[in-house]
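Only one structure is covered here, and it is reproduced in the block below.
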Amino acid sequence: MSRRRGAATRHWLNQRLTAVALVPLGLWFLIALLRQPALDYATVSTWLAKPLQALLAALLGAAMLWHSMLGVEVILEDYVHGKVFGVSLWLARFVHVAAAVALAWALYCVAGPGA
Amino acid sequence: MQAPAERPLSPHLQVHRMLITMVLSMMHRVSGLYLSLCSLLFVAWVAAIAAGPSAYEFAGRIFSGIALRLVLAAALAAFWYHLFAGIRHLAWDADLGFEGSAPKWSGVVVALLAAGAFAATVFLSPAGRWLLGAS
């Protein structure tokens, strides 16, 4: 598999852009979570059901899973070779896409119009 | 046979002397990989909320075990380290912090900031006290 021209540069740039987005998004989520008086269902579901909180959680999930995929790809390139590389890369991509779909669905259930 | 990636690959560690900058660089990778795994826990947490109160309480009981609380505490430590070390990497990408001993002392600063932020979030928040098993 020879990569398209410029793909490595785009990979590098996307990793940095998602990193910059993750600084405020990650800090928001962690601090908001730690500031909750308790972590019981009533508290966290009320908090996450607010439109802005759900939107920020969706943005965090997208940036985090994308950044994660780019990072895992680099690690696989460094340490996994031969046929296993292709399989592991496909598996990593599948898990990341599945996680993104699951997160979108779960957030829709928590904060969507029917919730 | 896979074609080599179009970028320099990971260096051969055996030919270098061990330096603090190397240790921190490896920790950035290890913490990032660990956070990748823990991002699935974030998805599972939101899914548990979506699944309703009884499913959420069930998941909460599983995660209050000591082993999984340690997993979450390690995720918190990895988060702070990867955040500060990542900001240091972004500064390097902007060509800042390469002169003289800057990489060395900025590495020490990153480690201290991560340790301080970890301690503060564990000891000063309700969720942190839950991690410690206080409630």
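The values are calculated or read from the model by the stated rules, or taken from the named source; none is laboratory data. These numbers come from a predicted model, not from an experiment. Please note: Cβ atoms are built from the backbone with ideal geometry, for glycine as well, and neighbour counts cover all protein chains shown. These area figures cover heavy atoms from the full protein model, side chains too; ligands, DNA and RNA do not enter into them. Shrake-Rupley method; radii C 1.70, N 1.55, O 1.52, S 1.80 Å.
Give me the residue from the range B:100-131 that is free of Cβ contacts under 8 Å to residues at least 24 places away in the same chain and open to solvent by 80 Å² or more (accessible area, probe 1.4 Å) and, out of that set, farthest from A:A19 (Cα to Cα).
Among those residues, the one meeting the criterion is B:R129.
Could you tell me which of the residues B:L83, B:L40, B:L76 is open to solvent by 40 Å² or more (accessible area, probe 1.4 Å), facing another protein chain (nearest Cβ under 9 Å) and part of a helix (DSSP H, G or I)?
Unique residue meeting the criteria: B:L40.
Of everything in the range A:82-97, what is closer than 11 Å to A:M69 by Cα and among the small types (G, A, S)? Give them in sequence order.
A:A92
Name the one entry in B:A115, B:A44, B:A78 that is out of contact with any Ser or Thr (no Cβ under 9 Å at 6 or more places or on another chain), modelled with pLDDT of 90 or more and within 30 Å of A:C109 (Cβ to Cβ).
B:A44 is the lone residue from the list that is out of contact with any Ser or Thr (no Cβ under 9 Å at 6 or more places or on another chain), modelled with pLDDT of 90 or more and within 30 Å of A:C109 (Cβ to Cβ).
Within the range A:58-115, count every residue that is open to solvent by less than 90 Å² (accessible area, probe 1.4 Å), among the β-branched types (V, I, T) and over 14 Å from B:S36 (Cβ atoms).
Qualifying residue count for the region: 2.
Taking B:G97 as meeting all but one of (1) open to solvent by less than 40 Å² (accessible area, probe 1.4 Å); (2) part of a helix (DSSP H, G or I), write down the number of the exception.
It is condition (2) that B:G97 fails.
If B:R69 passes every condition in (1) at pLDDT 95 or above; (2) more than 11 Å from every other protein chain (Cβ to nearest Cβ) but one, which one does it miss?
With respect to (1) at pLDDT 95 or above; (2) more than 11 Å from every other protein chain (Cβ to nearest Cβ), B:R69 is out only on (1).
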